[in-house]
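The values are calculated or read from the model by the stated rules, or taken from the named source; none is laboratory data. Every value quoted in this text rests on a predicted model; they were computed, and no experiment measured them. Cβ placement follows ideal geometry from the backbone for every residue including glycine, while neighbour counts extend to all protein chains displayed.
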Amino acid sequence: MIASQNGQIKIVQHLLKSKADTNIKTQDGWTALMFASLYGHTETVKELIAHHAKVNEKNQDGWTALMIAIEKKHFDVFKTLLNSKANVNCKERHGWTPLMLASRHGLTDIVGLLIKRNANINDVNDEGRTSLMIATLNGHVDTVKLLTQSGSDVNLSNYDGWTALMLASEKGYTNIVQYLLKSKADVNSKDNLGRTALMIASFRGNNDVIKLLLEAQAYVSDQDFNGWTPLMFASYNNYTETCKLLIERAAKGSNENVDKITEINLVSNNGCMKSDDILDEPILGHEISQSNFILTVLNTSVEREINEGWTALMKASQTGNERMITLLLKFQASVHEKNAAGKTALFLACESGHVEAVRLLLTNQANVNVQDQNKTTALMIASESGHEEIVKLLLEAGAYVNERGPYGNTALMLASKFGRTSTVQYLLECKAILTFQNSFGRSALMLATENRHKGIVELLLLHKADVNDKDQKGLTPLMMATKNRDRDIVQLLLQNEADVNLHDYLEKTALIIAAECGYTDLINLLLDYKSNTEEKDYEGNTALMVAVKSGQYDVAKILLKHGAAINSEEGRVLRSQDPLTKTHLLIETKANIDDKDSNSCRALMFAVSKGQYDMAKLLLDHGAKINSALLPALKNKDIDMCSLLSDYQENADLQKQDVLTVLLRTNQFKKKR
């Protein structure tokens, strides 16, 4: 093998005389003949064949010596193998034949010899490609001619549905395209995605190929399975000249049925019409008056559902292509057409923020108040997006500033919700109504508050927005700002006379909401503005009760310091918690520790009845009245508690008979102790 690889013919001959095995293989399945073919050692190849080397043996990849010789372009080796009955139709593991390999490299002489030896000219590899496709793909025009003349089927397609014509069109091989068309290649054949050669060439901007295809009656208006036309593919990649070619074809009217041509044919996704010449002269020599065909194309809705009713003007407006818009309007493209979503060209231009496109469309009488299928207007979408210049243009053109859209929202509400301050200012100047509420009862002020847009809140209040407006749940702007813990807006609302004691549908006030959330900073602020600590929610809870129940004891301290009464429920809950902690809270805030709970038990009585010695002592130290607190101690036979109470008996405000009874019983207990 080494001698064969190196072309050392004498060594090879010597080894062969010594009866060396010519067909022994390497681990990869290579034979001496393959190595000699690889390196083009013709004499070695002949010598090996003469000594019974197997010409059609394959390596692990399925390659024969013939294939290797073709791949390496060793013509003499190839002829030697061919004359030694090498198999011309063998395939390697990917389905490639010797003819395909020769076609890939444009080895026309070898192709011719293989064809003469009955090579299967229309055989396909694992990708479904024929030798003709492979030669086409690699731009070998002479090989293409030979294969075609030898009977290769020009209309066979690979597994993606691509024909040789499509491959040549994609690569821009004009001479091959021309020859294939002469050989009756189907110019309107479609691949698996419905694409034609013209679409493929348009996508690549291969103008010379496009001219040939159009001359061969390629359908300029054909659509692929996604509804894309040749012009769409060209405009997508910004090929100006290609667009001009296709428009010219449309202007000539072609031989196609006009009813089959859809408006989408004149799409401009990326602004392909850039040339100044396009707008200054009639389309490629055709007067507007002679372009009824174009007019029909422009104003025909797309029938294919996937296109969703889009028109050329819509696409140009969406992308802000001013030149294309001007061109289409010159041909009287309809500004009133709607796509499946109910959007017009004007709506799409506003949505995308293209000021000049909007100006052009308005100048051409676009309906400024048209609504999409959701009842949204162009003004609403421009206001929501903050396109201030467009908002001004629309209002100057007569847009209804107070029109209601989805969920009852107006342009002002949307601008307020999304923080478009300058747009809000302009809408207010144009008499936008502040008192309107949407379907949820939210006003512009509420929406601005809820979304933390302080500047807009300030602006709306300056224009006398109702600071105490309520939504459907009874929430006011103050309550919303409190929930958001937005101190700046809370303060701003309070400074503008927000009512701190209004209730929502659950009877909660802003103070109760703040207490629930533990917002001590807001509680102090609300209390500074006279928030009533005794207001109750629908369950009868005050802010203090809510704070105690939710464990917000810092909140409770603040409320108590501001005079919140410890009514029956608060006292009961406080005492049901950690005794010493809650007792400290009551005393630190100078609460009325003798207030009774719902069971007519004072704080001291509760501590005594529960045997809470430390709590009772703490209360007594801060002046709690004994009164009838001894009775539960006696009932419980709690000697220590009775002793404690007897130590404080001089402070007790009891009737004489009760004192004597208590002292007697206490002393008896002490004696027993």
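Pairs meeting the criteria (first residue in the stretch 206-227 and more than 15 Å from residue 249 (Cβ to Cβ), second residue assigned to a loop (DSSP other than H, G, I, E, B) and among the acidic types (Asp, Glu), beta carbons under 9 Å, at least 6 apart or on different chains) are 224/191; 227/308.
Conditions (1) on the phi < 0 side of the Ramachandran plot; (2) at pLDDT below 90; (3) surrounded by 21 or more Cβ atoms within 10 Å (Cβ to Cβ), marked per residue:
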| residue | (1), (2), (3) |
| --- | --- |
| 499 | yes, no, no |
| 516 | yes, no, no |
| 521 | yes, no, no |
| 528 | yes, no, no |
| 533 | yes, yes, yes |
| 550 | yes, yes, no |
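Taking the condition among the polar types (S, T, N, Q) and on the phi > 0 side of the Ramachandran plot, does residue 332 pass? When the stated conditions are applied, residue 332 passes them.
Return a yes/no flag: does the stretch 57-72 have any residue that is modelled with pLDDT of 95 or more, in a helix (DSSP H, G or I), surrounded by fewer than 23 Cβ atoms within 10 Å (Cβ to Cβ) and within 56 Å of the chain's Cα centre (by Cα). Within the stretch 57-72, one or more residues are modelled with pLDDT of 95 or more, in a helix (DSSP H, G or I), surrounded by fewer than 23 Cβ atoms within 10 Å (Cβ to Cβ) and within 56 Å of the chain's Cα centre (by Cα).
Listed here are the residues, each with its yes/no results for (1) of a type outside the set (Val, Ile, Thr); (2) farther than 20 Å from residue 99 by Cβ; (3) in contact with a strand residue (DSSP E or B) (Cβ under 9 Å, 6 or more places away or on another chain).
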position	(1), (2), (3)
134	no, no, no
146	yes, no, no
150	yes, no, no
159	yes, no, no
172	yes, yes, no
179	yes, no, no
191	yes, yes, yes
197	yes, yes, yes
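Of the numbered criteria (1) under 29 Å from residue 319 (Cβ atoms); (2) hydrophobic (A, V, I, L, M, F, W, C); (3) modelled with pLDDT of 95 or more; (4) in contact with a Lys or Arg (Cβ under 9 Å, 6 or more places away or on another chain), the one residue 162 fails is (1). Go through the stretch 147-172 and give me each residue that's closer than 17 Å to residue 218 by Cα and in contact (Cβ under 8 Å) with a residue 40 or more places away in the chain. Hits for the stretch 147-172 are 168, 169.
Quick one: count up the residues across the stretch 368-387 that are under 23 Å from residue 424 (Cα atoms) and surrounded by fewer than 20 Cβ atoms within 10 Å (Cβ to Cβ).
Filtering the stretch 368-387 for residues under 23 Å from residue 424 (Cα atoms) gives 368-372, 374-387.
Adding the requirement that they be surrounded by fewer than 20 Cβ atoms within 10 Å (Cβ to Cβ) leaves 369-371, 374-375, 385-386.
Residues in the stretch 368-387 being under 23 Å from residue 424 (Cα atoms) and surrounded by fewer than 20 Cβ atoms within 10 Å (Cβ to Cβ): 7 in total.
Tell me yes or no: at least one residue of the stretch 485-494 is under 29 Å from residue 433 (Cα atoms) and either assigned to a loop (DSSP other than H, G, I, E, B) or in contact with a strand residue (DSSP E or B) (Cβ under 8 Å, 6 or more places away or on another chain) (or both).
Quick first cut of the stretch 485-494, residues under 29 Å from residue 433 (Cα atoms) only: 485-494.
Applying the additional criterion that residues be either assigned to a loop (DSSP other than H, G, I, E, B) or in contact with a strand residue (DSSP E or B) (Cβ under 8 Å, 6 or more places away or on another chain) (or both) yields 485-486.
Yes, that holds for at least one residue.
Looking at 434, 361, 412, which one is more than 30 Å from residue 468 (Cα to Cα) and either without any contact (Cβ under 8 Å) to a residue 60 or more places away in the chain or of a type in the set (A, V, I, L, M, F, W, C) (or both)?
Working: 434 fails: more than 30 Å from residue 468 (Cα to Cα); 412 fails: more than 30 Å from residue 468 (Cα to Cα).
That would be 361, the only listed residue that is more than 30 Å from residue 468 (Cα to Cα) and either without any contact (Cβ under 8 Å) to a residue 60 or more places away in the chain or of a type in the set (A, V, I, L, M, F, W, C) (or both).
Restricting 465, 481 to those that are aliphatic (A, V, I, L, M), touching an Asp or Glu at 6+ places or on another chain (Cβ under 9 Å) and either in a loop (DSSP other than H, G, I, E, B) or closer than 30 Å to residue 422 by Cα (or both) reduces the list to 481.
Only one of 114, 81 is buried (at least 20 other Cβ atoms within 10 Å of the Cβ), modelled with pLDDT of 95 or more, over 22 Å from residue 30 (Cβ atoms) and out of contact with any Gly (no Cβ under 6 Å at 6 or more places or on another chain); which?
Details: 81 fails: over 22 Å from residue 30 (Cβ atoms).
Checking each option against the conditions leaves just 114.
Within the stretch 429-447, being part of a helix (DSSP H, G or I) and either touching a Cys at 6+ places or on another chain (Cβ under 9 Å) or surrounded by 21 or more Cβ atoms within 10 Å (Cβ to Cβ) (or both) holds for 444, 445, 446, 447.
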